[in-house]
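These notes are about the structure you will find just below.
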Amino acid sequence: MKGLITKSTGLWYQVSSEDKKYNARLKGKFKLENKKLTNPIAVGDRVEFELNEQVEDEWVITNIYPRENYVLRESPRKKGYHHIIASNIDQGILIVTLKMPRTSIGFVDRFLISLEAFRIPGIIIFNKSDIYSSKDLSRVDFLKGIYEKVGYRVLITSFNNDPLDNVKSLLLNKISLLSGHSGAGKSTLINRFIPQANQEVQKVSSFAGKGVHTTTFAELFELNKNTKVIDTPGIKELGLAEIENEELSHYFPEMRKYLGKCKFNNCLHDNEPDCAIKERLGKDISAIRYDSYLSTLKNEDNRK
């Protein structure tokens, strides 16, 4: 039988096939392209599975179809290993909050870089506009201008109070990956559109300003037959995987047209002289985005 992975709980996977759901496990060990993966199967994978004739009501996954794309991060627990957040998606949506909890620009940019690696369209949604001061809203408008200039779609809203028709229109007829920190609003958004999902929502700590993990495993929900949303566990820090320093600038759209125009062919756009990227700073390359580039290049903590 053919199916779609709709939930991953570590050892067991939920497979959706012809409007039915099955719990299945892997048959033996899978090695994919010699990658070191903490999860050989991810939500969004298309698989083949069959009934285990030796064990009653047990299904086993026998084959994984090639992925069109995937979003990858460094494993936070196992050094040298990677974790697939989701696969075969049409777009990635990052839920950003200025406070309760605070999302850093470094985190935003690393998420966008991970999408750019497969040319997956990225969308930024600034949530919790209802709790922002006028100064906060000015900051959001400023950041919105920066990312829209680069080519990203940006929305400003409140999942609790606004009608969200504009958000729903973005989701229709697509498979969307939702990401962001715990407490940013991913589960709230899914509950607004898919009440039967009944995702647990907890308040952000007013003392620490951080969210509590309510989503433990990635899970795919259907708004309708052609519209699917993948909810992911809240991510504290996003470590990039499979991206070398020499290619990092390729994943900043505003830098691409200047690549190859530096004095040195191996220019990393840091301390080198006659760098075409640095010459465009403050013009069509923002200082904020360039700082993110340098921070990522040096593998600094992106939560700052």
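The values are calculated or read from the model by the stated rules, or taken from the named source; none is laboratory data. Everything numeric in this text was worked out from a predicted model, so none of it was measured. Ideal geometry is used to build each Cβ from the backbone, glycine not excepted, and the neighbour counts take in all protein chains shown.
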* Structure fact -> So, first residue in the same structural domain as Leu178 (by TED's automatic domain parsing) in the range 112-134, second residue hydroxyl-bearing (Ser, Thr, Tyr) and part of a helix (DSSP H, G or I), Cβ within less than 7 Å, six or more apart or across chains; the pairs are Ile113/Tyr251; Ile113/Thr296; Glu116/Tyr251; Ala117/Tyr251; Ile124/Tyr147
* Asked: Using beta carbons and a limit of 7 Å, which pairs, at least six apart or on different chains, have the first residue in the range 14-25 and under 16 Å from Phe217 (Cα atoms) and the second one of a type in the set (A, V, I, L, M) and outside any strand (DSSP E or B)?
  -> Arg25/Leu11
* Structure fact -> Out of (1) closer than 18 Å to Ser292 by Cα; (2) modelled with pLDDT of 90 or more; (3) assigned to a strand (DSSP E or B), the one Leu98 does not meet is (3)
* Asked: Of all residues in the range 252-277, which are charged (D, E, K, R), surrounded by 13 or more Cβ atoms within 10 Å (Cβ to Cβ) and without any contact (Cβ under 8 Å) to a residue 12 or more places away in the chain?
  -> Glu272
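Kindly state which helices (runs of 4 or more DSSP H) lie completely within the range 101-188 and contain at least 3 residues that are modelled with pLDDT of 95 or more and of a type in the set (Ser, Thr, Tyr).
Values: elements: 105-116, 134-150, 165-171.
Result: 134-150.
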* Among (1) among the aromatic types (Phe, Trp, Tyr); (2) closer than 30 Å to Leu11 by Cα; (3) surrounded by fewer than 20 Cβ atoms within 10 Å (Cβ to Cβ); (4) within 18 Å of the chain's Cα centre (by Cα), the one test that Tyr65 misses -> (4)
* Mind listing whichever residues of the range 72-90 are modelled with pLDDT of 90 or more and touching a Leu at 6+ places or on another chain (Cβ under 6 Å)? => Ala86, Ile89
* Asked: Is the range 69-92 home to any residue that is surrounded by 14 or more Cβ atoms within 10 Å (Cβ to Cβ) and free of Cβ contacts under 8 Å to residues at least 12 places away in the same chain?
  -> no
* Has the range 29-40 got any residue that is under 23 Å from Leu171 (Cβ atoms), under 18 Å from the mean Cα position of the chain (by Cα) and part of a loop (DSSP other than H, G, I, E, B)? -> no
